[in-house]
1. Counting residues that are β-branched (Val, Ile, Thr) and surrounded by fewer than 13 Cβ atoms within 10 Å (Cβ to Cβ), which helices (runs of 4 or more DSSP H) fully inside segment 44-115 reach at least 3?
2. Counting only residues that are open to solvent by 90 Å² or more (accessible area, probe 1.4 Å) and not hydrophobic (A, V, I, L, M, F, W, C), which one in segment 1-32 is nearest to Ile67 (Cα to Cα)?
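The values are calculated or read from the model by the stated rules, or taken from the named source; none is laboratory data. Because the structure is predicted, anything quoted here is derived from the model rather than measured. Please note: Cβ atoms are built from the backbone with ideal geometry, for glycine as well, and neighbour counts cover all protein chains shown. SASA here: full protein model, heavy atoms, side chains in, ligands and nucleic acids out. Shrake-Rupley method; radii C 1.70, N 1.55, O 1.52, S 1.80 Å.
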Amino acid sequence: MALRMVYDKAIGFAAKQYTAVLGNQLSQYGLRYEDLLIEEETPVKEALSLASPDVLTARTRRLKRAIDLSYKRKSLQDYAPDMQLDTFKTEIMSDIQKIKARDHEYAQLNAHNKM
């Protein structure tokens, strides 16, 4: 029990540090965490197909800007120093979770057919 508490505390500390470092790296290029998701995965592909056109346009623009900044070896702060970024804002993550839950439920309900 005590070992579990120490483990959880250590993992929590490491997670906070990782989140801070990841947030720094993403903000250099103006990306969000959701922009790192692989579009070929089925739940992500379906969530993007259900997302509004504004979300898709913003995602595409952020990705293109990040590619351009990376190529130029520049940071977003060089061009827009006063820009406030919400690095961990979620727009499609809830849809992805719902799609995964639906697929899991479907697999559980149809498990008897695999015999």
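1. Answer list for segment 44-115: 53-72.
2. Residue satisfying both the conditions and the ranking: Gln25.
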